[in-house]
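Q: What follows is a single structure, and I will ask about it in a moment.
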Amino acid sequence: MSLFTMGFLLVILQPSTGQFPRACANTQSLLRKECCPPWDGDGSPCGERSGRGSCQNILLSLAPLGPQFPFSGVDDREDWPSVFYNRTCKCQGNFMGFNCGECKFGFSGQNCTEVRLRTRRNIFQLTTHEKDKFLAYLNLAKNTLSKDYVIATGTYTQMNNGSNPMFRNINVYDLFVWMHYYASRDTLLGGFSVWRDIDFAHEAPGFLPWHRVFLLMWEREIQKITGDENFTIPYWDWRDAESCVVCTDEYMGGRHPRNPNLLSPASFFSSWQVICTRSEEYNSQQALCNATSEGPILRNPGNNDKSRTPRLPSSAEVEFCLSLTQYESGPMDKMANYSFRNTLEGFADPRTAISNISQSGLHNALHIYMNGSMSQVQGSANDPIFVLHHAFVDSIFERWLRRHRPMLEVYPAANAPIGHNRENYMVPFIPLYRNGEFFKPSRELGYDYEYLQEPVLDSFQELFIPYLEQARQIWAWLVGAAVIGGAITAVLTGLILACRKKRRGTSSEIQPLLIESEDYNNISYQSNF
């Protein structure tokens, strides 16, 4: 009870990160289309008086989109968040947040000038105390109301274009479940019609950056409601696992002794209620998930369709995926071939990188293997294994970034599915984040993975390693260029010397440029280099 009380007080005292800021979920803000709440530190919008930020018009990307979504003006998530707000806080320096009251990821301190690097660890490397604390934090988040954020229970049209706000309170854990649902839900077209080929968090380039932001925000929420600034999400390394080794009462909940689809009553996760799992019901009612409880967590690991997912992913499959040099390719959706993103997400074969949507590999394989709440996209975050799984997926993304060192331009700027271009804002986050802002190494965002940590290098090594890596990748080209360049230089030099000799003659007052072999040892050379 004392931990719960402490967390509740901290929620009251500190802002959180999530979807619709409570301060903007009102008629005035919606009709003005402005979300620029005051910062408590000085009472001015966006902390402007303290130089933290200012209220500015949102600049939307004009880059063309792919053909997957053939509509316009029918979905509140198009050109996020302009349907709801076209003015938000633009924060300066290292400040961040819906009112510029927080620090960017990787910074801390009163003025956000202190650099911080936290380490995510394997859940099986945690001490018993650390593991129990993690589980307690999860349960605290499930029982702590979000003070600063609410969820939308109706579309903008159903809100009568802002004059009839439809929002609801939600606990911190379920806030993130709802955000995952909202980003991946179908488009409601009216009547009984929906458009299913749309997802702002999956099946396209933004899959990895979106979940990276999602985990960072979730991690920060836990840090704030517990007061534990050093908390990091643990990961589950599922490579070559023969079963769900975290599915025990000691960790994420074992199997119920009488009903294999439920969790063991010895785990407090067995009392958790799920939300946002009935997509067909919402679609038929042309309604949004309103976070009503829909029953217990379902999980029956390993009893899935073996023809689709015969086993958990292997180390060899991960290594093959990491060898792929293209981040994205072709249509930039689940049909993409030789795409690192599509292969890691699991729509391409992890042995060939050829798209095969009848099979589920890597990331998707784990979801299907869990055979329950995790296996339905929109409600998959209900199962707390979700965060362990995605932390490890993010570590694979991080390995690829470190191995291939891509420029930002590698992330597609145009023609990706809706919401996935480099400059598109991610749905449904406020404050606003662009996809391209998280296509960079995790250490620049304030965290690392224990199994990826490298020894400290001196400044000389740190300076030259990136260039040496690039040189290694183009070594064959460099050698070829050197040979061709040398041949061209030799020919040109010979022609020049021949021309000069012909023009100047063989005067004894002029030192010859070409020396006979018998005079070679009598000449000394100096270099200007």
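The values are calculated or read from the model by the stated rules, or taken from the named source; none is laboratory data. Just so it is clear, the model here is predicted, and its values are computed rather than measured. Cβ sites come from the backbone with ideal geometry, for glycine too, and all protein chains shown count toward neighbours. Each accessible area value is taken on the protein alone, full model and side chains, heavy atoms only, with ligands, DNA and RNA left out. Shrake-Rupley method; radii C 1.70, N 1.55, O 1.52, S 1.80 Å.
Q: Any chance you could look up the accessible area of THR352 with a 1.4 Å probe, heavy atoms only, rounded to 10 Å²?
A: Estimated to the nearest 10 Å², THR352 gives 70 Å².
Q: Of all the accessible heavy-atom surface of region 265-371, with the other protein chains kept in place and a 1.4 Å probe, what percent is carbon and sulfur? Don't skip to the answer; put the middle values down first.
A: On the way: 2240 of 4160 Å².
Answer for region 265-371: carbon and sulfur cover 54 percent of the accessible area.
Q: OK, next. So for each of 341-347, 304-310, 365-371 I average, over its residues, the number of other beta carbons within 10 Å; can you give me the resulting order with the highest mean first?
A: Values: 341-347: 27.0, 304-310: 13.9, 365-371: 23.3.
The most tightly packed comes first, giving 341-347, 365-371, 304-310.
Q: May I ask you to compute the full-extension gain from ASN259 to ALA63, defined as 0.36 nm times their residue separation minus their alpha-carbon distance, rounded to one decimal in nm? Each step should come with its number before you reach the end.
A: On the way: separation 196, 0.36 × 196 = 70.56 nm, distance 5.11 nm.
Extra length from ASN259 to ALA63 when fully extended: 65.5 nm.
Q: State whether region 213-370 is rounded, prolate or oblate according to the following rule on the C-alpha gyration tensor (a ≥ b ≥ c being the square roots of its eigenvalues): a/c under 1.5 gives rounded; otherwise a/b larger than b/c gives prolate, and the remaining case gives oblate.
A: Values: a/c = 1.44, a/b = 1.42, b/c = 1.01.
In terms of gyration-tensor shape, rounded.
Q: Related question: With +1 on each Lys and Arg Cβ and -1 on each Asp and Glu Cβ, and nothing else charged, work out how big the dipole of region 120-452 is about its Cα centre, in Debye to the nearest 20. Intermediate values should be presented prior to the final figure.
A: Working: 31 positive and 36 negative charges, 13 e Å.
Dipole of region 120-452, to the nearest 20 debye: 60 debye.
Q: Could you tell me the extents of region 383-433's C-alpha atoms along the three principal axes, largest first, rounded to whole Å?
A: Rounded to whole Å, the extents work out to 33, 30, 20 Å.
Q: So for region 308-454, what are the equivalent ellipsoid semi-axes in whole Å, largest first, each being the square root of 5 times an eigenvalue of the Cα gyration tensor? Display every interim value, and only then the final one.
A: On the way: eigenvalues 98, 68, 64 Å².
Whole-Å semi-axes of the equivalent ellipsoid: 22, 18, 18.
Q: Based on the alpha-carbon set only, what is the convex hull volume of region 120-452 divided per residue, in Å³? Don't jump to the answer; show the numbers that get you there.
A: Numbers: hull volume 45.4 nm³, N = 333.
Each residue corresponds to 136 Å³ of Cα convex hull volume.
Q: Mind computing the radius of gyration and Dmax over the alpha-carbon atoms of region 58-207? Å is fine for both.
A: Cα radius of gyration and Dmax of region 58-207 are 19.3, 54 Å respectively.
Q: Please report the accessible area of SER271 (heavy atoms, 1.4 Å probe, ligands and nucleic acids excluded) in Å², nearest 10.
A: Looks like 80 Å² after rounding.
Q: Heavy-atom accessible area of CYS91 with all protein chains present, probe 1.4 Å, nearest 10 Å²?
A: For CYS91, the solvent-accessible surface is approximately 40 Å².
Q: Distance check, please: which entries in LYS104/LYS440; LYS142/LYS440; LYS90/LYS133; LYS131/LYS224 exceed 24 angstrom between their Cα atoms? Before the final figure, lay out the partial values.
A: Values: LYS104/LYS440 14 Å; LYS142/LYS440 31 Å; LYS90/LYS133 36 Å; LYS131/LYS224 18 Å.
Too far apart for the 24 Å limit: LYS142/LYS440; LYS90/LYS133.
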